[in-house]
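For reference, the structure is listed below as structure tokens.
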Amino acid sequence: MRIFTRYILKEILQYAAIGVALLTFVVFMRDLGRLLELIVRNSAPLPSVAEIFFYTLPTALTFTVPMGVLVGILLGLSRLASDTEITALRASGVGAFSVTAIVALFAVTMWLLALVNGIWVAPRSTAALIQLQNDLISSQASVAVQPRVFYEDIPEKILYVQDVKSTKKIGEWSHVFLADISDPKSPRITLAEHAIVQSGAENTLDMHLVNGSRHEANPKDVSQYDITTFVDSDIPISMAPTDSTKAETRPSEMSTAELMQSMQKVNPVDARPFAIEFHRRIVLPTACLVLALVAVPLGMASKKGGKATGFVLTITLVFGYYLLSLAGLAMARQGRVPPMAGVWLANAIFFVAGLALLYRVDRSSLEVGTVRGLFRYVKNLFQSGWKMADEVVERSSVRMEGSGYSQLRFPVLLDRYMVRSFLGTFVMVLSALLVLLLVFTFFELIGDIIRNRIPLVTVGQYLINVSPFMIYSVTPLCVLISVLVTFGGMQKSNELTAMMATGISIYRATVPILLMSAAIAAGLFVMEQTYLPYANTRQDALRNTIKGKPPQTFLRPDRKWIFGQQNTIYYYEHFDMDQDQFLGLTAFQFNPATFAITRRVYASQVHWEPNLDKWIFEKGWSREFNADSVSSYKPFEVATFAEYSEPPTYFKKEVRQSQEMNYQELSSYIGDLQQSGFDVVRLRVQLYKKIAYPVICFVMTIVALPFSLTAGRKGALTGIAVALGIFIAYFIMGGLFEAIGNVNELPAALAAFAPDLLFGLAGGYMFFRIRT
């Protein structure tokens with residue numbers, strides 16, 4: 001029995017380890033770019049970056065460990081069942097309950113680890129992560145400032161720097177413009193030729209200014225204006241948020257002891273969110289046990305489908321568990337059931353179902369009744385689809401033969417077989433990752449859903465609209481896994497050897513896979529050009545609703561600082577885009593050589609006159625400066641200035657994310673913002689990535705083919721592990737080059753295409769060294 005125990009546990013552990021690693025990596029895909037940019041900018045030391053990584057890991061493991069347990073048990077037992085090893089075990093007297101006892105050793109161990117992580121480690125790491133991010137605010141700000149970009153993350157201040165000479169910890173700036181907007185009607189302006197900036201103590205930024213001046217107008221008496229010049233000046237800037245911007249501690253950020261204290265509140269309505277969070281920290285680890293209880297009988301019953309059936313069952317179980325959890329949490333949030341009953345609903349149902357399935361599989365096969373009908377329906381559905389595809393291919397082949405091109409006939413039976421094997425694996429892997437990502441996203445937002453009382457319809461709409469972006473993100477990984485698993489399986493079963501024995505080159509055998517990967521890459525690009533921007537726009541708006549933020553607006557009338565065309569910075573209190581009218585407009589005109597203010601114009605109202613093609617300034621004043629003195633002061637009731645000739649459309653800048661635009665829209669948007677003095681470095685990198693990212697599907701195929709032939713005899717599991725390693729290497733390299741491009745250390749095009757070029761050259765070299 002000990003031999004059986006070690007053998008079954010080894011089979012389960014290897015699939016579970018790959019599952020946890022894959023799921024955790026997919027979760028970290030969102031944060032990897034931010035961590036790499038911290039390293040590239042050197043705005044945070046490597047120990048701090050490592051701390052961010054390790055503080056984020058426990059929160060991800062609260063979800064990925066139960067799912068990894070499910071993946072390990074289902075795929076491991078499905079493999080044993082497909083090779084009739086389960087049948088041999090049962091014939092030797094080892095029944096379903098005996099196998100369950102063996103699997104229970106693994107499930108209980110993972111449950112204990114997950115329980116410790118969920119109750120103690122994850123809450124502490126979340127609190128420590130928030131504290132660390134607050135500590136890094138000032139150190140990041142010293143290098144986060146980009147040249148000719150308005151930096152608005154300093155409380156009650158606006159910073160504009162014309163040139164950044166260094167991106168090290170100590171920032172060296174030239175031509176600095178700092179506006180104190182504590183009084184929005186009359187901002188105090190500080191200018192300097194040079195500045196040396198470094199992080200200070202207690203979330204402060206120390207700025208040492210050289211050769212500058214301060215300008216301050218009196219809003220109560222417009223005839224008064226103060227100018228102060230200096231050779232050296234030190235300004236400490238607090239980076240800490242104001243009291244109005246501090247967010248209250250959420251239940252997910254509390255320790256378990258604090259949650260238990262909060263649950264003792266007299267008002268049950270106020271205590272409900274804390275009770276839900278407390279039970280959720282126990283429910284997710286306990287999912288290791290109930291999912292294992294369901295996975296054992298289903299895995300043992302998967303005799304014909306093998307690991308493919310395991311994939312399908314994984315998707316089905318995760319989706320079912322997710323829906324039940326959503327329903328239970330919704331009822332608990334609405335007060336229809338007690339928090340404990342709602343949160344534990346999914347685990348209770350799966351526990352009962354697992355006992356029933358286990359009792360039945362120990363006495364008869366599960367491949368009867370409803371389960372058998374379900375698999376038969378899915379099987380017939382796929383068979384009908386492949387039959388139609390084969391008929392189309394057959395007709396095309398016949399037409400080619402009749403045209404006299406039989407020697408170039410494509411595709412043949414072998415090509416159809418290769419495509420069918422590849423697409424079958426691709427669809428299963430993509431579906432599994434999509435469902436698991438949706439589940440993780442739901443649990444990530446559950447605190448906001450409960451706190452803000454978000455209807456289930458809104459949550460469903462968000463998950464539907466975020467699905468295209470998830471598919472777009474993981475498709476290259478799915479292509480890589482599919483190629484490695486497909487060719488690895490053929491290599492293990494000697495099918496590739498049989499092909500070469502009949503005179504078919506390996507290169508010829510890879511043609512249909514290369515064409516399919518190219519088609520997938522083209523499909524990703526078309527998807528990104530058409531539907532994906534709309535879906536991203538919609539999901540951003542729905543996410544803001546779930547988070548309790550105001551609805552996203554694309555036209556920003558609150559963008560109050562903008563750089564003009566004639567060395568001018570405009571500041572306004574309000575802009576009516578319908579009437580083309582400003583309220584409280586101030587224009588600062590500069591000498592481009594010295595960056596000294598040469599003119600400052602203020603008007604209480606400014607409107608566009610189409611007949612004159614000019615802005616009409618009303619009830620204001622104009623001052624011209626000569627070094628440190630006012631050379632001219634002119635109040636006016638109505639005036640026009642030829643220098644300020646930007647049309648109204650210039651100020652109607654559309655604020656959108658790069659993923660909410662296709663290639664043409666983003667290119668136009670970059671040109672529009674660049675003219676106004678806004679940062680476009682990141683946007684240029686994202687512009688070229690819109691082409692570079694889909695191409696990686698084809699590159700990954702070229703890279704995967706040589707690895708699949710060398711690692712194929714070790715099985716599909718080795719192929720998945722190799723695929724994960726390759727994609728992690730690509731993703732880290734891609735994030736690193738993108739971060740370097742974001743700080744303008746590499747041309748945007750090179751930063752976007754460098755990973756494709758490097759992996760393509762390496763893959764091509766190995767591909768053409770394959771023995772055919």
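The values are calculated or read from the model by the stated rules, or taken from the named source; none is laboratory data. Remember, it's a predicted structure, so these values are computed and weren't measured experimentally. Heads up, the Cβs are rebuilt from the backbone with ideal geometry, glycines too, and the neighbour counts pull from every protein chain shown. Side chains are part of the model used for accessible areas, which takes the heavy atoms of the whole protein and leaves out ligands, DNA and RNA. Shrake-Rupley method; radii C 1.70, N 1.55, O 1.52, S 1.80 Å.
Stretching the chain fully between Ala593 and Leu612 yields a gain of 3.6 nm (0.36 nm per residue, less the alpha carbon separation).
Report the label-to-label distance for Leu761 and Lys547 in nanometres (one decimal), using points 7 Å from each Cα along the Cα→Cβ vector. The modelled label-to-label distance comes out at 3.9 nm. A Förster radius of 41 Å, combined with the Cβ-Cβ distance separating Arg508 from Thr458, puts the computed FRET efficiency at roughly 0.20. Sorting the Cα pairs of the range 488-647 by distance into bins of 10 Å, from 0 upward, gives 8, 22, 16, 13, 12, 8, 8, 8, 4, 0 percent per bin.
Sorting the segments 336-347, 490-501 by their residues' average number of neighbouring beta-carbon atoms within 10 angstrom, most packed first, yields 336-347, 490-501.
A cut-off under 13 angstrom between Cβ atoms defines the neighbours of Leu209, and their net charge, with Lys, Arg +1 and Asp, Glu -1, is -4. Label sites at Lys634 and Ala356, each approximated as a point 7 angstrom past Cα along Cα to Cβ, lie 8.8 nm apart. Would you mind getting me the FRET efficiency between Glu745 and Ser92? Use the beta-carbon distance for r and R0 = 45 Å, nearest 0.05. Efficiency computed from Cβ-Cβ geometry: 0.10. With all protein chains kept in place, the per residue accessible area of the range 404-518 amounts to 37 square angstrom at a probe of 1.4 angstrom.
Find out how many positive minus negative residues lie around Phe525, taking Lys and Arg as positive, Asp and Glu as negative, among other residues whose Cβ is under 13 Å from that of Phe525. Summing Lys and Arg as +1 and Asp and Glu as -1 gives +1.
Here the spin labels are modelled as points 7 Å beyond Cα on the Cα-Cβ line, and at Ser473 and Ser645 they lie 4.7 nm apart.
Peptides 432-439, 113-120 ranked from most to least packed by the mean count of surrounding Cβ atoms within 10 Å: 432-439, 113-120.
Given a Förster distance of 60 angstrom, what is the FRET efficiency for Met577 paired with Ala327, based on the Cβ-Cβ distance and rounded to 0.05?
0.85
Highest average first, the peptides 741-747, 605-611 ordered by how many other beta carbon atoms sit within 10 Å of their residues are 741-747, 605-611. Net length available on complete extension from Thr228 to Tyr417 is 60.0 nm, with 0.36 nm assigned per residue and the Cα-Cα distance removed.
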